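K.L.:
This structure is in structure tokens; I'll ask about it shortly.
The values are calculated or read from the model by the stated rules, or taken from the named source; none is laboratory data. As the structure is a prediction and not an experimental result, all values here were calculated from the model. Positions of Cβ are generated from backbone atoms using ideal geometry, with glycine treated the same way; all protein chains shown enter the neighbour counts.
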């Protein structure tokens, strides 16, 4: 019996323009009526996810900042934060790499220092609560749960070739497109999924997950029924075989309706 369905957003549930499919809320409502909890699992900030899912916010779980935050019915249940020393060390490493720009993410706001474009355009499009501020000051005074790095040259060609070895005690992973994330090792969607399972008493085989990129790997591994969208990042497809149609074809929403009716996607 399926009791929990978790889905990544960008590249998975959301369409290629970054919008929720029009049938997303009816699908979530149908899951809820069938006794299945939906979890929105994203690298986006908590504030933005609350706004995106406002019509069903009291019926879902939210996994924000790639698993660093878990929230339910307006309450933060889990929040992994980075020590100030780790933040400063990570920022120094990022600043040493050309074409990269850092964003410090807290549960309430995302802070940037550089007014560089198109970095700032993407920040304002994805982080509805954002502010310019000295990042060193933010590191000293705020609870930072993730450092998001915009890489103009593409992470696989630039930042990911340098940062993992320089920050071996932290989690450094490409999160899609031109972005990579730096966080505590346990601040990932897999650890967040394990926390959710333990908190709400879900068995692994009762959980379904949908994803498309490497930051979904741990979450997919923690669920008994992992699915990729057909547009998934090729290296991820080496690990998981089950697929649903691409996000351009609303494959996840179709699968949600099927699961609500007790059918396989």
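K.L.:
Please work out which one of (1) assigned by TED's automatic domain parsing to the domain that holds residue 63; (2) within 19 Å of the chain's Cα centre (by Cα); (3) farther than 24 Å from residue 35 by Cα is the condition residue 245 fails and give its number.
P.N.:
(2)
K.L.:
For region 163-219, list the strands (runs of 3 or more DSSP E) that sit wholly inside it and hold at least 3 residues that are in contact with a helix residue (DSSP H, G or I) (Cβ under 6 Å, 6 or more places away or on another chain), free of Cβ contacts under 8 Å to residues at least 24 places away in the same chain and outside the structural domain of residue 99 (by TED's automatic domain parsing); which are they? Don't jump to the end; show me each part of the working.
P.N.:
Values: elements: 171-176, 179-183, 207-211.
Once the strands (runs of 3 or more DSSP E) in region 163-219 are filtered for at least 3 residues that are in contact with a helix residue (DSSP H, G or I) (Cβ under 6 Å, 6 or more places away or on another chain), free of Cβ contacts under 8 Å to residues at least 24 places away in the same chain and outside the structural domain of residue 99 (by TED's automatic domain parsing), nothing remains.
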